[in-house]
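Step one of this worksheet: look at the structure below.
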Amino acid sequence: MSSFLYRLGRRCFRYRKTVLASWVLVLAIVGAVAGLFSKGFDNTFTLPGSPSQEALDDLNRTFPEVGGGSAQIIVVTAEGDVIDSPSYRDPVEDALEEIEDLAHVEIASNPYGDEAGTTSLSDDDRAAIISVQYDLGTQELPASASEELEAAAAALQEQLPPGAQASPGGELFQMDEVHVSIVEAIGVVVALIVLLFTLGSLRAAGMPLLTALLGVGVSIALITAATLFFTINPTTIMLALMLGLAVGIDYALFIISRHRDQLAAGMDAEESAAQSTATAGSAVVFAGLTVMIALAGLSVAGIPFLSAMGVASAAAVLIAVLIGLTLLPALLGFGGEKLRPRKVREALAAGQPAPEPRPTAASRFFRGWVRAATKIPALTIVVIVVGLGLFAIPAQRLELALPSNATAEEGTPPRVTYDLIDEHFGPGYNGPLIVKADIISSTDPLGDMDDIADELRDLPGVADVPMATPNMNADTGIAQVIPETAPDSPETADLVRTIQDMSAQFEDEYGISTAVTGFTAIGIDVSDRLAGALLPFGAIVVGLSLLLLAMVFRSIWVPLKATLGYLLSVITAFGVVVLVFEDGHGAAALGIDVLGPVISFLPIILMGVLFGLAMDYEVFLVSRMREDYVHGGDARHAIETGFVSSARVVTAAAIIMFSVFGAFVPAGEPVVKAIALGLAVGVFVDAFIVRMTLVPAVMALLGRYAWWLPPWLDRLLPTFDVEGEALARQLALKDWPAPDAPWLVYGEDLGLRLDRGAGYGRGFSSVSLAAAPGEALIVTGSGRRAVLLALSGRLPLDEGRLKVDGYVLPEQAGQLRRVLPHSSLQDLPGTEGRPGLPAAGANELNGLARKIRAGSGPRVTLLDEADTVTGTATRDAAADLAAAALSGGSRTGEDVAPGCLVLGARTPAAASALLPPGTPTRIVDTDEPAARTSGHSDPAAAMEGARR
């Protein structure tokens, strides 16, 4: 990956104008599509397959009068008036006719008494509720429905006595759009200040903001355009906005910080941009993948709106990664030498080397920090684990519910209506339940519905059952149940479950099956489903963190302590959310005016997002420690040097994340406030307490055992080069063994441990070899087969340095395999996980020879088991291939580009028979590491000459 990102960064640097224009064009196209074709967001929460949702869907068919969307208008008298007086009754009844004439209105109930004699007047004689039923579901109604009802309520208000109120609300007025206030820009301003201090340049500080804002623009436009095809909740766009800003700035910071450090060391600007994209960019890819996987994992709950939210947010993170890997290198190209520190730029212009960086106040501060954390590591660990573990006490009381108009912004019509209904009727009237009954087999539909209503009235927690009636066909009945408690209270959820449990009782008594439905019941089912999904989702996230970190750090203990730290951060975030949103500690200061349950999907979203961010900080801190340790440093000293070199960037990234998330708490949408607070607290705790304090202490306590990994597990786990070590090796060996060295094949002290039963013969050790254009290299001995497979990139080396046709192995083995075929004249058996290689026939050999002569074949040709050739046609084809490989070919027919030939054989004589007379030949015996030659100078001496 690092090699690919290196080439990508260099190309974007060179073609910066094209890259910038491409991203601007993408934004323009997606923005235009969103503006022209988007359908708007839908705040309706559905749960396909749940009993409450199925009952509601059935009501839409059998009882359309109550199956569609609903709304309410509450009329409240002036102080001292009564609602039943003519000055209120006449305007209300006149308004009913206008409301019933509105589009899609099925019925508007008269609060003073409908056909069944049901009234909707408050016990204090000061309020009345007009219930409005629509013929379409809330998500299917046009946006004009709420606007028309607001206008009707305003017209009614004008007809009422002074001091009276007419306020619309209800299900129709659930949040259906998002707002971004100027307060949320505070996070961006703080980010700019932090970037300025971290990078030391206004030009450099502006680049992460520019890329993040462009990425957010593309993401929001893409999500908005997706409403044309999918149902998307408005909370989705706020979550994508938060994540897009936070990770977009942070990912760009990681790359540009590495670029600035390399420029300060005197590296060429283009080379630095390429290397920064490859090294820091690899970590960005890893961090982005973890966030995206965790967000996509939200689909575990099986809830469509949550799955859409996870996928859309993952797309926002993906766009942030893509922009960081493409647009940022292009901007670095625009910045060029201006991004280099002035003193370094002046020194290089004068032909002097870049000055050595001096210790800064920040490096001295972080050195003191890590020394304090690791002075008594056991004490640090106990204090942090116990301190953060205490937040598990309030976290256990976390209550979940879907958003209602109780959480709408103060002063808005839905919030005013909710509060007025709560005040004059009771909280339960804001979330009535509907009990659906299948009465098709009933002989007394009216009587049975009345009896069911009487039993429901006797239940604890039921305030009233104002309506119980069958439909016109007498096959479906409904009973409206008013709870004593609010829609999002635990008591209401208990009441729903009690009524659901009575279904068997009604079946026995009346032969009628029942189900509880309505907006409140569906919300409770969604919350229950989300709560049940937390454990499997948590297991997936924890298991994923263990696997990914084991791949990156080749360790058992590093993943374990990283996962423990992640769980501590999650528990702390949950605990703080409960203390603020449920207990009210600091709520007023944070602009939170309604206490109670938090949005149902907060835990699963917080766990997913925080997982990716925690792994991000873990990689950037611990990878530097590992790098210093692997390069021969003492385990304890590597903790300090690795911490000091990376803590500045991690600190800046965490402050930016905290600021962006925190800005959404006082001014964000109500349903987003709790998510934003949880993420802000989680980022702060995870970065500064867990990663920068607990992690060094644990590493110091473990010492060198922190990097222990069982050999069998090391072989099983794939390698994820998150810090670009493979690229560093490629760059280090770019001019090896010497600039412009002629060798097409060159290796020193090669070794490969291979079991005898692997199907490839024996391994080898301390093998050195070389071959120049026009030369043949014959490999003999028991390890010959493994050598040729290693030369073709099909077996990874354990020791030594090797280049084949300019490719550094094993780092560029994948690229080499695409251009260098491995031909064998004898079948090579396969083993588990390693495919076999069938013997090449005459046709295959002839085809390869034609490619080489046409200039489209490889410059290095491998032919294994050269002494086992049978048949005249195959022998002639092998000899012809040898001649072609050594003489080469030309695309133009003028310039000849000779190649080299590597033969594997039991004896050199049998292989030499395939070579044209006079071919310069080198022989390597894998059983005798001191290479022998025939007809040429000693390879070891030739290599030494090349070094000189």
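The values are calculated or read from the model by the stated rules, or taken from the named source; none is laboratory data. Please read these numbers as outputs of a predicted model, since none were measured by experiment. FYI the Cβ positions are ideal-geometry reconstructions off the backbone, even for glycines, and counts take in every protein chain you see.
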Check segment 462-483 and report whether any residue there is surrounded by fewer than 17 Cβ atoms within 10 Å (Cβ to Cβ) and charged (D, E, K, R). yes
Could you tell me which numbered condition Glu98 fails, if it satisfies all but one of (1) surrounded by 18 or more Cβ atoms within 10 Å (Cβ to Cβ); (2) at pLDDT 85 or above? (1)
Residues of segment 6-39 being under 30 Å from Leu731 (Cβ atoms) and either among the polar types (S, T, N, Q) or not assigned by TED's automatic domain parsing to the domain that holds Ala283 (or both), which ones? Thr18, Ser22
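State yes or no: is Ser167 more than 18 Å from Asn233 (Cβ to Cβ) and at pLDDT 85 or above?
Yes: the conditions hold for Ser167.
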So which strands (runs of 3 or more DSSP E) are wholly in segment 772-832 and hold at least 3 residues that are in contact with a Phe, Trp or Tyr (Cβ under 8 Å, 6 or more places away or on another chain) and farther than 27 Å from Asn843 by Cβ? 799-804
Looking at Val526, is it in contact with a strand residue (DSSP E or B) (Cβ under 6 Å, 6 or more places away or on another chain), aliphatic (A, V, I, L, M) and outside the structural domain of Met309 (by TED's automatic domain parsing)? no
Being surrounded by fewer than 24 Cβ atoms within 10 Å (Cβ to Cβ), farther than 18 Å from Arg7 by Cβ, small (Gly, Ala, Ser) and in contact with a helix residue (DSSP H, G or I) (Cβ under 6 Å, 6 or more places away or on another chain) is the filter here; which residues of segment 315-334 pass it? none
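This table checks each residue for (1) assigned to a helix (DSSP H, G or I); (2) without any contact (Cβ under 8 Å) to a residue 24 or more places away in the chain.
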{"position": "Gly591", "(1), (2)": "no, no"}
{"position": "Leu606", "(1), (2)": "yes, no"}
{"position": "Leu610", "(1), (2)": "yes, no"}
{"position": "Asp628", "(1), (2)": "yes, yes"}
{"position": "Ala638", "(1), (2)": "yes, yes"}
Given the conditions (1) among the polar types (S, T, N, Q); (2) at pLDDT 85 or above; (3) surrounded by fewer than 20 Cβ atoms within 10 Å (Cβ to Cβ), report the number of the one that Thr277 does not fulfil. (3)
Just give me the residues in segment 90-149 being acidic (Asp, Glu) and within 43 Å of the chain's Cα centre (by Cα), in sequence order. Asp135, Glu140, Glu147, Glu148
Please give the number of the condition Ser555 fails out of (1) more than 21 Å from the chain's Cα centre (by Cα); (2) in a helix (DSSP H, G or I). (2)
Within segment 705-729, the count of residues that are crowded, with 18+ Cβ neighbours inside 10 Å and modelled with pLDDT of 75 or more comes to 2
Among the residues of segment 500-545, how many are part of a helix (DSSP H, G or I) and in contact with a Leu (Cβ under 7 Å, 6 or more places away or on another chain)? 10
Scan segment 372-404 for residues that are under 30 Å from Phe519 (Cβ atoms) and either of a type in the set (S, T, N, Q) or assigned to a helix (DSSP H, G or I) (or both) and report the count. 4
Every pair of residues 6+ apart whose Cβ atoms lie under 7 Å, when the first sits in segment 345-372 and is closer than 24 Å to Ala687 by Cβ while the second is among the basic types (Lys, Arg): Ala362/Arg648; Phe366/Arg648
Could you please tell me which pairs satisfy a Cβ distance under 8 Å, a separation of 6+ or placement on different chains, a first residue in segment 911-925 that is farther than 13 Å from Leu886 by Cβ, and a second residue that is in a strand (DSSP E or B) and among the basic types (Lys, Arg)? Ile923/Arg932; Val924/Arg932; Asp925/Arg932
Residue check, Ser646 against (1) farther than 18 Å from Ile249 by Cβ; (2) at pLDDT below 85; (3) in contact with a Phe, Trp or Tyr (Cβ under 7 Å, 6 or more places away or on another chain), all met but one. Which one? (1)
Residue pairs within 9 Å by beta carbon, gap of at least six or interchain, first lying in segment 526-550 and closer than 13 Å to Ile303 by Cα, second buried (at least 17 other Cβ atoms within 10 Å of the Cβ) and charged (D, E, K, R), listed first then second, are Ser527/Asp488
Val284 versus (1) farther than 22 Å from Leu547 by Cα; (2) within 25 Å of the chain's Cα centre (by Cα): which is the lone unmet condition? (1)
Looking only at segment 555-604, which residues are under 30 Å from Tyr705 (Cβ atoms) and either hydrophobic (A, V, I, L, M, F, W, C) or out of contact with any helix residue (DSSP H, G or I) (no Cβ under 6 Å at 6 or more places or on another chain) (or both)? Ile556, Trp557, Val558, Leu560, Ala562, Leu564, Leu567, Leu568, Val570, Ile571
Answer from Ala479, Ala453, Ala437 - the residue that is touching a strand residue (DSSP E or B) at 6+ places or on another chain (Cβ under 6 Å), within 17 Å of Thr517 (Cα to Cα), in a helix (DSSP H, G or I) and of a type in the set (Gly, Ala, Ser): Ala453
